[in-house]
Amino acid sequence: LSAEKGARWLLEEMLADFPFEDSNDQAATLGLFLIFMQRPLMKTAPAFAIVAPQPGTGKSTLVEIASLAVHGHPVASHAFAESEEELRKAIHALMLAKMPAVLFDNIGRGRTVESDHLAKLLTSEMSTDRTLGASETRKEVNTLLVAFTGNNIAFAHDMASRVLTIRLNAKTANPLRRTFRHRDVHSWAREPANRNRTLSALV
């Protein structure tokens, strides 16, 4: 595909059902898809946060279809730990499992996310931590893509400069009642023909 046709496919077909606030949010979403594809080749990568003022706008779905289109399987979803220690353990487990991406889904409404451990991870090429229940320390190459979703969430201190925010706003009382181009966008995104076209468009 030419660059023009590739951009048209992504913005007008793949992402047609998502109510972006403006073109900056569309551009950040293209960045999300590209990093899903290229993260193993990158030394570091920002995290992505998909936020909206209300449920039903497609926050989680946006990350899920990026994973389905690029990797061919659902993204690993994880609850956001309440304590820094639990978050550290969760990240280390994901690194050991060689997960390509993790989605911290449905963070509490209006929460301000702050984590020294996550902030360090997002700017580190390597991750080192002690294995739970053992005395050994494991060092892993950091190729993890981190994403967050939540209603009206924000990021504090070092996290604020390491997260790209994608804003969705359906501007309707019931976002689930709006018209959709794809009835089941998950199934549509994983169809081989659509995956091939999406990957060609990203390239």
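Residue-by-condition table, conditions (1) touching a Pro at 6+ places or on another chain (Cβ under 7 Å); (2) of a type in the set (S, T, N, Q):
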| position | (1), (2) |
| --- | --- |
| Glu13 | no, no |
| Arg39 | yes, no |
| Ala47 | no, no |
| Ile50 | no, no |
| Leu68 | yes, no |
| His71 | yes, no |
| Ser83 | no, yes |
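So that you can scan it fast, the table gives a plain yes or no per residue for (1) out of contact with any strand residue (DSSP E or B) (no Cβ under 8 Å at 6 or more places or on another chain); (2) crowded, with 16+ Cβ neighbours inside 10 Å; (3) closer than 18 Å to Val163 by Cα:
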position: Gly6; (1), (2), (3): yes, yes, no
position: Glu12; (1), (2), (3): yes, no, no
position: Leu15; (1), (2), (3): yes, yes, no
position: Gly31; (1), (2), (3): no, no, yes
Tally of residues being part of a loop (DSSP other than H, G, I, E, B) and buried (at least 16 other Cβ atoms within 10 Å of the Cβ) across the stretch 43-53:
2
Which residue is modelled with the lowest pLDDT, if the candidates are limited to the stretch 116-155 and must be among the hydroxyl-bearing types (Ser, Thr, Tyr) and either under 17 Å from Ala101 (Cβ atoms) or in contact with a Cys (Cβ under 7 Å, 6 or more places away or on another chain) (or both)?
Ser127
Somewhere in the stretch 160-181, is a residue within 23 Å of Ile50 (Cβ to Cβ), open to solvent by 80 Å² or more (accessible area, probe 1.4 Å), in contact with a helix residue (DSSP H, G or I) (Cβ under 7 Å, 6 or more places away or on another chain) and part of a helix (DSSP H, G or I)?
no
Go through (1) within 23 Å of Leu41 (Cβ to Cβ); (2) at pLDDT 90 or above; (3) open to solvent by 20 Å² or more (accessible area, probe 1.4 Å) one by one and return the number of the condition Leu96 breaks.
(2)
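The values are calculated or read from the model by the stated rules, or taken from the named source; none is laboratory data. Fair warning: this is a prediction, and the values are worked out from it, not measured in the lab. Note: ideal-geometry Cβ built from the backbone for every residue, glycine included; neighbour counts use all protein chains shown. For accessibility, only protein heavy atoms count, side chains too; no ligands or nucleic acids. Shrake-Rupley method; radii C 1.70, N 1.55, O 1.52, S 1.80 Å.
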